[in-house]
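S.K.: Take this structure, written in structure tokens, and hold onto it; I'll ask about it next.
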Amino acid sequence: MSNLPPPGRAEVIDWLAGLGQRPPGAERLDSMELAWLVHQVEQRYGVELSDDQLAQMTTIDAAVAVLGEVLSAHA
Amino acid sequence: MAMDGSFVVPGTAAGGEWVDEVLLGGAAARVGLRLPEVVEVGKLRRLVRERQRELARSGLRAGGAAALRLPPSLAFVTYLLAVWRSGAQAILLDHRLTDYEVRRAIERLVPQVVVSPQRPVVAGLRTFVDVEADVASYSGHPASTSHAVVQLSSGSTGPSKVIGRTAQALVDEVLRYTKIDGVPLEGERVILLPSMVHVLGLVGGLLYGLHAGVELVPPARLTGDAIVQAIAAEQTPATVLGVPFHIGLLASVQEPPKLPQFKRMTTGGELVPAAVSQAFEEKYGVPLGNMYGMTEVGVIGTDLYGAHRPAIRPAPGIDVRVVDGELQIARPESPYLGLVDPARWSDGWLRTRDAGVVDAETGLVSIKGRLDSQVSVGGLKVDLTEVEYTLGTLRGVEAAVVVYDGAITAYLQLKERRETVRLEAELSQRLASYKRPRTLHVLDQLPRTTTGKLVRDLTVLRKAVP
């Protein structure tokens with residue numbers, strides 16, 4: 001388990017950039033970006049997210065909120 | 001099998017013996033799938049026979065059609081084989097299509113039965129799900145053609161949008177795979193990442209695997225760790241079949257274990273950036289293969305050792321040519337149902353709409369990108385004109401321009417005040433999620449040329465955003 005603090009919005013955007021160029025202003029996450037984010041979380045925090053949590057992560061802000069909650073609870 | 005090694009494949013109306021001969025042959029104890037619980041071929045045969053009786057009770061007859069609206073699942077595999085074994089046609093509908101898209105497809109293709117999940121599918125990141133299916137009677141019509149499988153390209157209206165393949169074409173493709181050096185062999189495993197509802201996962205994964213005695217292993221989830229775990233779960237050689245996105249997942253796994261059984265990764269779809277392929281090969285030390293194909297034909301060419309990147313060698317039995325910069329594939333018959341657009345197929349040649357170059361000396365083919373408005377989103381083809389057309393049908397939309405700038409992006413001009421969230425909600429009823437624009441920009445006026453045509457230039461469109 002990692003002691004890293006949950007990622008902020010800037011960090012999530014940075015992770016997404018690792019997948020390739022994003023159009024400016026895009027808020028909504030597509031299924032590949034979601035898979036990529038979950039993969040990043042697993043790699044860095046060793047935490048698996050549930051289907052319900054995944055279903056809530058539809059935008060960058062929503063993802064930051066879910067990750068904040070889940071990762072704080074695991075810290 | 002006939003003496004010369006070929007298979008005799010009657011038209012679908014005449015029967016589905018090819019399913020047993022080509023796909024479900026061999027010892028009953030042979031492993032078909034690992035989910036991770038083992039599904040032997042003997043169990044598959046029994047399930048397929050049960051599904052056949054169920055389909056027949058709901059009205060499916062030889063020469064009829066069944067629409068399958070199922071996610072990758074044991075239900076999908078067994079209903080599909082049952083439809084074919086009944087001598088009927090399978091219409092494959094991606095489970096992510098909206099009710100609106102499915103209704104339009106069914107009204108057009110008039111199946112005898114429709115097979116769908118009993119409950120909404122919550123797939124999360126699973127590549128293979130557990131679903132209970134419902135079989136509903138729909139019509140008493142025979143299928144409109146003798147194709148064994150019917151698939152929709154993006155958009156189901158207009159000519160050359162519905163693609164059909166005969167049982168013979170599917171068997172030919174399976175046999176084509178057997179002649180390609182570097183494909184997984186009997187007793188080995190395929191870690192299957194693409195959906196088996198689409199051509200790469202369907203023929204390159206499911207059908208080839210069943211034919212060749214290669215075990216099909218969908219990982220528990222679509223994450224790097226889960227893929228590594230799937231490879232490590234057995235000692236037998238494993239090939240990972242995926243799309244370029246999956247290379248990135250594996251390349252960024254931190255400190256993967258030693259995987260001596262990892263044999264190769266093969267991807268279809270768009271080209272892989274050199275930095276990504278290099279990072280992958282350095283981390284795992286296995287070849288990264290590349291495949292090129294399309295729904296109409298299946299696999300067209302491969303480079304399974306990564307020796308010719310980014311070029312591919314045409315698969316055995318595939319004839320290609322380039323006319324006016326466009327790659328064309330020899331196909332004696334049109335793969336399209338209904339009206340055929342001569343810009344897609346004519347005189348025995350399928351026009352790929354991909355720009356290509358064939359090296360006269362080596363015969364290697366290089367793909368140089370699309371010549372039309374089709375884009376690839378995670379390996380799924382999306383026609384931007386369909387997205388644009390659908391946006392135009394929403395109330396209050398005066399005009400729409402849809403472009404691809406790393407994601408699908410829409411620019412709209414409205415004739416009445418509408419909230420963007422409302423427009424997005426209405427669009428979600430009409431277009432599957434992977435086809436929907438990531439961003440909707442509402443402009444007072446869309447940029448136009450002096451003659452009034454909509455401008456599609458990305459720089460101009462971006463500048464027009466307030």
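Bear in mind that the values in this text are calculations on the coordinates, not laboratory data. Quantities reported herein were computed from a predicted structural model and do not represent experimental measurements. Backbone-built Cβ (ideal geometry, glycine too); neighbour counts: all protein chains shown.
S.K.: Tell me the Kirkwood hydrodynamic radius of the protein assembly as shown in angstroms, computed as one over the mean inverse distance between distinct C-alpha pairs.
M.R.: Values: mean 1/r = 0.0409 Å⁻¹.
For the protein assembly as shown, inverting the mean 1/r across all distinct Cα pairs yields 24.4 Å.
S.K.: What trypsin sites (Lys or Arg not before Pro) in region B:236-284 are in a loop by DSSP, with at most 15 other Cβ atoms within 10 Å of the Cβ?
M.R.: B:K258
S.K.: Can you give the convex hull volume of the alpha carbon atoms of region B:12-165 per residue, in Å³? All intermediate terms of the calculation are to be shown ahead of the outcome.
M.R.: Numbers: hull volume 16.5 nm³, N = 154.
Once divided by residue count, the hull of region B:12-165 is 107 Å³.
S.K.: Between region B:31-67 and region B:72-151, what is the C-alpha centre distance in whole Å?
M.R.: One Cα centre to the other: 13 Å.
S.K.: Then there is this: Would you tell me the mean number of C-beta atoms belonging to other protein chains that fall within 10 Å of each C-beta in A:33-41, as a whole number?
M.R.: Numbers: counts 4, 3, 10, 7, 0, 6, 13, 4, 1.
Whole-number average of other-chain Cβ neighbours for A:33-41 is 5.
S.K.: Could you derive backbone 3J(HN,Hα) for region B:386-401 from the dihedral phi with the Karplus parameters 6.51, -1.76 and 1.60 (θ = phi - 60°), listing whole Hz in sequence and x where the residue is Gly or Pro?
M.R.: 5, 5, 4, 4, 5, 4, x, 7, 6, 4, x, 8, 7, 7, 9, 10
S.K.: Over all Cα pairs of chain B, how is the pair count split among 10 Å bins, expressed in % and running from 0 up to the last occupied bin?
M.R.: Reading upward from the zero bin: 4, 19, 29, 28, 15, 4, 0, 0.
S.K.: Next question, about the same structure. Would you mind finding the longest exposed-site-free stretch of chain B, with exposed GluC sites (Glu not before Pro) meaning DSSP loop and at most 12 other Cβ atoms within 10 Å?
M.R.: The answer is B:187-332.
S.K.: Exactly which trypsin sites (Lys or Arg not before Pro) in region B:351-414 are in a DSSP loop and have at most 16 other Cβ atoms within 10 Å? Could you put the intermediate results ahead of the total?
M.R.: On the way: sites: B:R351, B:R353, B:K368, B:R370, B:K381, B:R395; in loops: B:R395.
Of the trypsin sites (Lys or Arg not before Pro), the ones in loops of region B:351-414 whose Cβ has at most 16 other Cβ atoms within 10 Å are B:R395.
S.K.: I'd like the distance separating the alpha-carbon centroids of region B:176-220 and region B:232-293, in whole Å.
M.R.: So the two Cα centres are separated by 15 Å.
S.K.: Which lysines have a Cα lying under 26 Å from the Cα of B:K283, excluding residues fewer than 8 positions away in the same chain?
M.R.: Leaving aside lysines fewer than 8 places away in the same chain, those within reach of B:K283 are B:K258, B:K263.
S.K.: Moving on to the next point. List the aspartates and glutamates whose alpha-carbon lies under 17 Å from that of B:K415, not counting same-chain residues fewer than 8 positions away?
M.R.: Qualifying aspartates and glutamates at Cα under 17 Å: B:E388, B:E398, B:E424, B:E426, B:D444.
S.K.: Sticking with this structure for a sec: Tell me which DSSP H helices of chain A clear both cut-offs, 15 Å or more of axial length from alpha-carbon atoms and a mean Kyte-Doolittle hydropathy of at least 0.5. Display every interim value, and only then the final one.
M.R.: Details: long enough: A:31-45 (21 Å, -0.33); A:60-74 (21 Å, 1.37).
TM-like helix candidates: A:60-74.
S.K.: At R0 = 25 Å, how high is the FRET efficiency between A:D51 and B:D99 if r is their beta carbon distance? Nearest 0.05 is fine. Before the final figure, lay out the partial values.
M.R.: Working: r = 22 Å, r/R0 = 0.87.
Step by step, r from the Cβ atoms, then E = 0.70.
S.K.: What ranking do B:I106, B:I231 get, fewest neighbouring Cβ atoms within 10 angstrom at the top? Please list the in-between numbers first.
M.R.: Values: B:I106 19, B:I231 24.
In increasing order of surrounding Cβ atoms, one gets B:I106, B:I231.
S.K.: Using θ = phi - 60° and the Karplus form 6.51 cos²θ - 1.76 cosθ + 1.60, what ³J(HN,Hα) does each residue of region B:323-330 get, whole Hz, x for Gly and Pro?
M.R.: Per-residue couplings from phi come out as 10, 6, x, 9, 6, 10, 10, 5 Hz.
S.K.: Please state the relative contact order of chain B as a whole percent: Cα pairs under 8 Å, 6+ residues apart? Mind dumping the intermediate values first?
M.R.: Numbers: 958 pairs, mean separation 51.8, N = 466.
The normalised contact order for chain B reaches 11 percent.
S.K.: Starting from the 7 Å offset along Cα-to-Cβ, what nm value, one decimal, do you get for the label separation of B:Q445 and B:T236?
M.R.: Spacing of the two 7 Å Cα→Cβ label points: 6.7 nm.
S.K.: Less than 29 Å apart at the alpha-carbon level, and either on another chain or at least 8 residues along: which lysines does that give for B:K161?
M.R.: B:K368, B:K381, B:K435, B:K453
S.K.: Simple spin-label model, 7 Å along Cα-to-Cβ: B:R53 to B:D319 in nm?
M.R.: Going from the B:R53 label point to the B:D319 one covers 4.8 nm.
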